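The values are calculated or read from the model by the stated rules, or taken from the named source; none is laboratory data. Just so it is clear, the model here is predicted, and its values are computed rather than measured. A quick note on method: Cβ atoms are made from the backbone with ideal geometry, for glycine too, and the neighbour counts reach across all protein chains shown.
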Amino acid sequence: MSQASSFRPRMDETPKKPTRDSKPQSDDVSPWALAGLGTQFFGSILLFVWVGNWLDHRFDTAPLFLLGGVLVGGGGTFYLSYRQLTKPRRPDPDHHDSTPRP
């Protein structure tokens, strides 16, 4: 009852091997860029929370500056990350389209 023999192979018999100069041809954002944005997000919130906590202890205004630090750090970094992820990408000059031109 197996249908395995009726399916054609979906992969090319001789796959192309990547070279040193080959780049991904997709417009996706690099996973390393996303990891960098996450680290930046975490670091800025941590920094603003630390500064807000220090200001609260200095002026005895407990959670006022701490909450402000969370909002400024998180909101500002979210805005910058959003702008970075939605900015238009320039086409790669080394990428050659394989479709024939008329």
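Inspect all residues belonging to the range 18-28 and state whether any of them is under 29 Å from the mean Cα position of the chain (by Cα), at pLDDT below 95 and closer than 29 Å to LEU71 by Cα. For the range 18-28, residues under 29 Å from the mean Cα position of the chain (by Cα), at pLDDT below 95 and closer than 29 Å to LEU71 by Cα: absent.
Residues that are assigned to a helix (DSSP H, G or I) and polar (S, T, N, Q) were ranked within the range 41-71; the one that is surrounded by the most Cβ atoms within 10 Å (Cβ to Cβ) is SER44.
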